[in-house]
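The values are calculated or read from the model by the stated rules, or taken from the named source; none is laboratory data. Just so we're clear, the structure is a prediction, and the values are computed from it rather than from any experiment. Positions of Cβ are generated from backbone atoms using ideal geometry, with glycine treated the same way; all protein chains shown enter the neighbour counts.
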Amino acid sequence: MLNKLKMEWFGNVKGDILSGIVVALALIPEAIAFSIIAGVDPMVGLYASFCIAVVMAFVGGRPAMISAATGAMALLMVTLVKDHGIQYLFATTILTGVIQLIFGIFKIARFMKFIPRSVMVGFVNALAILIFMAQVPHFVGISTMTYVFVALTLVIIYGLPRITKAVPSALVAIIVMTIAAIVGGFNLGTVGDLGEITRSLPMFSIPNVPLNMETLSIIFPTALGLSIVGLTESLLTATIVDDMTDTPSNKNKESRGQGIANIVVGFFGGMAGCAMIGQTVINVKSGGRGRLSTFVAGVFLMFLILVLGNWVVKIPMAALAGVMIMVSIGTFDWSSLRTLTKVPLTDTVVMLVTVITVVATHDLSKGVIAGVILSAIFFAAKISKLEVSSKESEHRTVYNVKGQLFFASVQDFVNSFAFKGKQDFILIDFSEAHIWDDSAVAAIDKVVLKLKEQTSAEVKLTGLNDVSDKLVQKLATYNKPNAKPSNH
Amino acid sequence: MYRKILLAVDGSEHSKRAAKHAINVASLVPGAKVEIISVIDLSKVKTEVLHGELKQKRQQALEEIKSMFEKENVSYELKIERGNPGPTIVSFANKHDFDLVIIGSRGLNSLQEMVLGSVSHKIAKRVHCPVMIIK
């Protein structure tokens, strides 16, 4: 146990420190941009990224995963912040943590497997679209110089890696464009126009909100949405790290960890966060494998803000928008466009419905829920295809039932029988079928009784597998005296 | 001659063809051994997680290549590495003193190839031993 902990922390010191620094540098522009999306001071996102990264280093279930302030979460907070203010955001953040902690304790993480891949694809695509859309007001229709700055930022971001990969190109782009803006004296909007950077460590404080039912009714819906979105992105990211490093992770511990981190963040003036796919991939690719990498990322980020805070406010919004355009391009799952026509139509529909729901509501949790429900319906429709074939001879009819008999397929089942004509003996063969629920048994009752009544034959069931047989024994009424076909 | 052969595969049709030629070369030299290296590209893991069928396809192709070796009775060893495919294969090849490196001419993604140049080209340039690129 102690050995494992030592490995997780100090098994890869050099790689972890280097990758942690790279991640910290890449986190700064994102933390600021996500704060601006949420409509709060940049410090709220920066404090959140610092606190979450450091806390997750200790309590996370997936070493080397980077958690911080994220776009997915920021998008959900916009309305709450606008209508009720920052103190309510802190309270919501704490409640989000509590919900996630409960999810983790009750091992809800295992239900994540009910989120189909097509919903996950929809999730990342919708996230990418929303991040991009959030940048539009910062560069469209402001001035020609703004367009030039965005374009130059993108040129540096995508061009520099062809020359050197030693420094993160997004950071170089930010630095170069900030210097260009200051030296050139261009009249461009800066981070400083949208909020303040305070060069101090986060302080403990209790959110200043009345503790009553009214507050709860304001913050609970947002907190629940944040919990779902946070866990969705975190557990998806954890799976990606599992695959990248070929090591397992504890998803329930991760959920508990996210909860603890968000509770702490709420008390230290930060916004709720979760794991970040992009930053995590950067961390692992840069050599990060252990908890130390996450810890270094958080601490170094805070150090940079304390030292460079005065410069951060001078970053032109156009450069930041350029970086965020890159983030959204990196988030989008481009291969889903290529496979659009190759995957089953239902998968494509689920993916598109998820995206459309999110873009329409600006709420990723609603998209996930819509996607999951739709895939459940498609799945039920797919497996509810039931076939009943019949063989008729002079004295007996044999029905062969093939498929899954449950609430969605009972209608087809009942309609497959001929309830007329005289017959001596009717056999219903279930050897290629499975009976799942009481609707199925009720349907069998109905069929048997109706067959008896209409054809005055003797009706027998055969070939039921063990589970199906037990269910029929327990619930069926057709062989009880005075049984009548029910009307439903 | 070619006793220690490195075969680099990525699960594409081209790499299956390369495997066939590796078997041909290895069967000419008694006691020859083929090491198969398959590099999991860290930048593509996200795509593989979101599209499980891609991972399945890659694993299936690897199984096919393995059974090709077993059928022809050529001794082999499979190494799965993680990282950036080009540099990872180059450093593996140069570290272990191979007599020959065999690789398919083209990989899975033609678009990326156009922009970044092909992995096989990079390998041919940087590996110290002879490199055989299979068309």
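Structure above, values below:
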item: Exclusive hit being closer than 23 Å to A:LYS253 by Cβ and not assigned by TED's automatic domain parsing to the domain that holds A:GLY270, set A:MET65, A:MET73, A:MET1, A:MET56; result: A:MET1
item: Of all residues making up the stretch B:1-19, the number that are surrounded by 24 or more Cβ atoms within 10 Å (Cβ to Cβ) and within 13 Å of B:LYS135 (Cβ to Cβ); result: 2
item: Of residues in the stretch B:65-101 being closer than 29 Å to A:LYS285 by Cα and among the charged types (D, E, K, R), the one surrounded by the most Cβ atoms within 10 Å (Cβ to Cβ); result: B:ARG82
item: Residue list for the stretch A:340-374, filter: outside any helix (DSSP H, G or I), at negative phi and surrounded by 15 or more Cβ atoms within 10 Å (Cβ to Cβ); result: A:VAL343, A:ASP363
item: Selection within the stretch A:375-421 - more than 48 Å from the chain's Cα centre (by Cα), of a type outside the set (Gly, Ala, Ser) and either buried (at least 18 other Cβ atoms within 10 Å of the Cβ) or more than 17 Å from A:VAL448 (Cβ to Cβ) (or both); result: A:LYS391, A:GLU392, A:GLU394, A:HIS395, A:THR397
item: Total residues in the stretch A:323-346, condition more than 10 Å from chain B (Cβ to nearest Cβ) and within 12 Å of B:LEU50 (Cα to Cα); result: 1
item: Enumeration of residues in the stretch A:452-468 that are assigned to a helix (DSSP H, G or I) and surrounded by 19 or more Cβ atoms within 10 Å (Cβ to Cβ); result: A:THR455, A:SER468
item: Hits in the stretch A:110-137 (condition: at pLDDT 90 or above and more than 14 Å from every other protein chain (Cβ to nearest Cβ)); result: A:ILE129, A:LEU130, A:ILE131, A:PHE132, A:MET133, A:ALA134, A:GLN135, A:VAL136, A:PRO137
item: Residues that are within 25 Å of A:PHE332 (Cα to Cα) and more than 14 Å from chain B (Cβ to nearest Cβ), drawn from the stretch A:252-291; result: A:GLU254, A:SER255, A:GLN258, A:MET271, A:ALA272, A:GLY273, A:CYS274
item: Which listed residue is within 18 Å of A:VAL81 (Cα to Cα) and touching a helix residue (DSSP H, G or I) at 6+ places or on another chain (Cβ under 9 Å), from A:THR222, A:THR239; result: A:THR222
item: Any hit, the stretch A:200-213, residues being among the hydroxyl-bearing types (Ser, Thr, Tyr), more than 14 Å from every other protein chain (Cβ to nearest Cβ) and either under 24 Å from the mean Cα position of the chain (by Cα) or farther than 18 Å from A:ASN283 by Cβ (or both); result: yes
item: Condition met for A:VAL296 (crowded, with 18+ Cβ neighbours inside 10 Å and either within 14 Å of another protein chain (Cβ to nearest Cβ) or at pLDDT below 90 (or both)); result: no
item: Close pairs from the stretch B:44-70: first within 28 Å of A:PRO116 (Cβ to Cβ) and at the interface with chain A (Cβ under 8 Å from one of its Cβ atoms), partner modelled with pLDDT of 90 or more and not in a helix (DSSP H, G or I), Cβ under 7 Å, at least 6 apart; result: B:THR47/A:ASP333; B:LEU50/A:ASP333
item: Only one of B:GLY83, B:GLY11 that is touching a helix residue (DSSP H, G or I) at 6+ places or on another chain (Cβ under 7 Å) and within 14 Å of chain A (Cβ to nearest Cβ); result: B:GLY83
item: Unique residue being of a type outside the set (Val, Ile, Thr), assigned to a strand (DSSP E or B) and in contact (Cβ under 8 Å) with a residue 12 or more places away in the chain when the list is A:LEU471, A:LEU449, A:LEU427; result: A:LEU427
item: Residue among A:GLY45, A:GLY61 that is within 23 Å of the chain's Cα centre (by Cα), touching a residue at least 60 places away in the same chain (Cβ under 8 Å) and assigned to a loop (DSSP other than H, G, I, E, B); result: A:GLY61
item: Filter result for A:ARG162 (free of Cβ contacts under 8 Å to residues at least 60 places away in the same chain and not in a loop (DSSP other than H, G, I, E, B)); result: yes
item: Failed item, numbered, when A:ASP243 is tested on (1) in contact (Cβ under 8 Å) with a residue 24 or more places away in the chain; (2) on the phi < 0 side of the Ramachandran plot; (3) within 14 Å of another protein chain (Cβ to nearest Cβ); result: (1)
item: Leading residue by the ranking (farthest from the other protein chains (Cβ to nearest Cβ)) among those in the stretch B:33-43 that are crowded, with 19+ Cβ neighbours inside 10 Å and more than 26 Å from B:GLU70 (Cβ to Cβ); result: B:ASP41
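Each row is one residue, and each column tells you yes or no for (1) exposed (fewer than 15 other Cβ atoms within 10 Å of the Cβ); (2) in contact (Cβ under 8 Å) with a residue 24 or more places away in the chain; (3) within 14 Å of chain B (Cβ to nearest Cβ).
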position	(1), (2), (3)
A:LEU188	no, yes, no
A:GLY192	no, yes, no
A:ILE228	no, yes, no
A:THR232	no, yes, yes
A:PRO248	yes, no, no
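Residue-by-condition table, conditions (1) at pLDDT 90 or above; (2) of a type in the set (A, V, I, L, M):
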| position | (1), (2) |
| --- | --- |
| A:GLY371 | yes, no |
| A:ALA376 | yes, yes |
| A:PHE379 | yes, no |
| A:PHE406 | yes, no |
| A:LYS420 | no, no |
| A:PHE430 | yes, no |
| A:ASP437 | yes, no |
| A:ALA440 | yes, yes |
| A:ASP445 | yes, no |
